[in-house]
Every structure is written in structure tokens, then in C-alpha cells.
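> Before I ask anything, here is the structure I am working with.
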Amino acid sequence: MIAQIIDIVAPVFLLIALGAAAVKLGWFTDTAIDGMMGFALKFAAPCLLFLSVARLDIGQVFQWPLMLSFYLGASASFFMAIFLAMKLFKRRPGEAVAMAFGALFSNALLLGLPISERAYGAQSLDTNIALLSVHAPFAYLLGITTMELVRRDKQSVLTTARIIGVTMFRNPLMIGIGLGFVVNFSGWALPAPLLSSVEMIAQTTLPVALFAIGGVLTRYSLGASLGQAGMITTFSLFVHPLLVYLLANYAFSVAPQVMRNAVLMAAMAPGVNAFVFATMYGRAKGVAASTILLATSASVFTASGWIWFLGT
């Protein structure tokens, strides 16, 4: 069992380690890593999500018990993290929201997909894609709305709505998902040469992104915010997936094979979106950066633990 779990998890994190080593050795510059990450997030990942959503059996995979289990768990994790950030670390409300975004937004695409595929097979990924199709819109909508309600330098409702709209509809990932739904509902078929090109780009997403993540992580340090980063890491890697597990099993009776993918997605470390959100509001950027580094490093072990707990 242990050897099987190592075989599942190790290749994913070895790719991240190779990216970090390549930057540390001077083989790749920050500019090169940024180019790789830009390609992965702006071209390859949208193609992957487009194809996945276009091919989904919508009626089969969009199950309200699954969605409620995952997103109620994410929301509860987010608000508990806000409360503790204010009470334990005396952070102002806006800073607490920026910190807690890491407890809400899992790196479900770049870490969740490859680990879930290796653990449970490509045929199980419809669950991941269904959750991913609303993951960023839900997280940004909840995060931005909460921030605008609690921060002292509040903006107008119209300005807030514009920020949400720009964040959603200019995001290449959202464009890929949206076009996937258009093709799915319309029944249109892409011309064979175009489809082949999109498939070739999509296949590069995960290896390129994982290598680039390693390079990006070399820019962060734990700094003086280790305690705060540790709290958010705990919510991200333990509390969120535990809540999803409890809700899926005891509140909504989600099928075991679907529940496993949902819990494993919830157990992923927060991605760069946590730092993007903190930067967008100029709050708790150091904590966000430290959280990404700490949680991604720790998830080598915690992801293995969840796979063992859930069974393969």
C-alpha cells in the first residue's frame, strides 16, 4: 500500500522539485519560468478544461450532493480561518480575508488533477472537472464579496461588481470552461485539425505547469509569518478535506468513488491564486506567499495520508 501511494504521489512532486532545482542551478531564469507558467495557465490549461467540459455528461456528473459537500466545506473552512486570523493573530478584517483565501482556494487543477488521475484513474476525473468548472468563479465571488463587506476602504457596489466581472470573464481558464459548455450544450463538433491541435496543447498542461510551479516556489520564503501560514495550511490540507469527507458521507450520501476525488481535491495546497488575491487587495501578501510554500511542501505527505485514508 505504501509503495503504491509513493508511486502515485512521487512523480508529481518530483516534477515540482525538478523545476525548483533548475532555477536554483541557474538553468532557467525567472523570465523563462514565468513564460512556462503563462503558457500553462493561459493556453494549455484552458484547452484542457475546454475539452474536458465539452465531453462531460452534464446530467451525470453535476450532482448537487457533490457540489454542496465540496463548496459548503470550502466556505466553512474559509470563514473559520477568517475568525481565527482575527482572534489568534489580531489581523484586521481585510487582512484576515486575504489570509483565509488560501483555506478556500485549492490548487485543484495543477495538483488535484494529476494526483487524482494517478490515484483513481482517468475515468474518475469527471468529478474533478465538474468541481473545477465552478471552482474559480465560486471562490473569487465569495472572496471578493467578503472582502468588500468587511474592509474599511470599501468600494461601491458597482465597482465591486466590475472587479468580479473582470476577474471572471477575462480569465483564460473561465473562457475555456465557458466555451466547453457552449460546445457541450450545442452539440457542435470541432473540425478534426483544430481538435487535434487543441488536444496536443492540452496534453502539455500538467507537466509544464508542475515544473513551473517548482520554479515559482523558489521566490517565496516562510519569513516571519510561519505561525499564520501554518494555520492556513492546516485549514487547507486538513480541515477543508475533512469537512468535505464528513458532509459527503454523513449529510449527502455521495457515492464513495465520487467522494474520494472530491476529498482529494479539497486536500490540495492553495495555488498562486492565493497570492494573486492578496496582491489584488495589498493585504497579507507575505502570509499568502509563505502559505503556498509551506502547504505545497507539506502536501507531499498529507496527500499521501489522504490517499491512504480514502483507499486506492
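> Can you give the relative contact order of the chain as a percent, counting alpha carbon pairs under 8 Å and 6+ residues apart? Numbers along the way, then the final one.
Working: 448 pairs, mean separation 111.3, N = 312.
Taking the mean separation of contacting Cα pairs over the length of the chain, I get 36 percent.
> So between V166 and K24, what do we pick up on full extension, going 0.36 nm a residue minus the alpha carbon distance? Please report the intermediate quantities before stating the final value.
Values: separation 142, 0.36 × 142 = 51.12 nm, distance 3.54 nm.
That works out to 47.6 nm of additional length.
> If the elastic network links every pair of Cα atoms under 10 Å, which of A22, A81, A139 fluctuates the most in the Gaussian network model of the chain?
Result: A22 has the largest fluctuation of those listed.
> Please arrange V97, V198 by how many other C-beta atoms lie within 10 Å of their C-beta, fewest to most. Please list the in-between numbers first.
Details: V97 32, V198 19.
Arranged by neighbour count, lowest to highest, V97, V198 become V198, V97.
> Which order results if H135, H240 are arranged by neighbouring Cβ count within 10 Å, fewest first?
Numbers: H135 24, H240 30.
Exposure proxy ranking, most exposed first: H135, H240.
> Over region 1-89, with a single point scatterer placed on each C-alpha, what log10 of the ratio I(q)/I(0) does the Debye formula yield at q = 0.10, 0.11, 0.16, 0.20 1/Å?
With no solvent term, the Cα-only Debye profile gives -0.58, -0.70, -1.13, -1.02.
> Another question, if that's okay. Roughly speaking, what is the centre-to-centre gap between region 268-308 and region 2-46 when only Cα atoms are used, to the nearest Å?
Using only Cα atoms, the two centres lie 16 Å from each other.
> Additional query: Per-residue HN-Hα couplings for region 257-268, Karplus 6.51 cos²θ - 1.76 cosθ + 1.60 at θ = phi - 60°, whole Hz, x for Gly and Pro?
These are the phi-based 3J(HN,Hα) values: 5, 7, 4, 4, 5, 5, 5, 5, 4, 5, 7, 7 Hz.
> By how many nm would the segment from F83 to Y250 grow when fully extended, if each residue of separation counts as 0.36 nm and the alpha-carbon distance is taken off? Don't skip to the end; give the middle numbers.
Working: separation 167, 0.36 × 167 = 60.12 nm, distance 2.55 nm.
Extending this stretch completely gives an extra 57.6 nm.
> Further question: Sticking with the crude label model, points 7 Å out along Cα→Cβ, report the distance from S297 to L68 in nm, one decimal please.
In this crude spin-label approximation the distance works out to 4.0 nm.
> Express the C-alpha Rg of region 159-292 as a ratio against the empirical globular expectation 2.2 N^0.38 Å, rounded to two decimals.
On the way: Rg = 18.8 Å, N = 134, 2.2 N^0.38 = 14.1 Å.
In units of the globular-protein estimate, region 159-292 measures up at 1.33.
> Let me have the relative contact order for region 182-312, percent, based on Cα pairs under 8 Å that are six or more residues apart. Mind showing how you got there, number by number?
Working: 98 pairs, mean separation 38.7, N = 131.
This gives 30 percent for region 182-312.
> I would also like to ask the following. Regarding the chain, what are the three Cα extents along the principal axes, ordered largest first, in Å?
If we take the Cα atoms of the chain, the spans are 56, 47, 41 Å.
> For M265, M37, M259, M99, which order do you get if you count the other beta carbons within 10 Å of each Cβ and list the fewest first? Provide the component values of the computation, followed by the final result.
On the way: M265 26, M37 20, M259 23, M99 31.
Neighbour counts put them in this order, fewest first: M37, M259, M265, M99.
> Here's something else I'd like to know. Please count, across the chain, the pairs of lysine residues with Cα atoms under 24 Å apart that sit 8 or more places apart or on different chains.
Values: K24/K285; K42/K285; K87/K154; K87/K285; K90/K154; K90/K285; K154/K285.
Number of lysine pairs found: 7.
Coordinate-derived values only; no laboratory data. For clarity, every value in this text was computed on a predicted model and none was experimentally measured. A quick note on method: Cβ atoms are made from the backbone with ideal geometry, for glycine too, and the neighbour counts reach across all protein chains shown.
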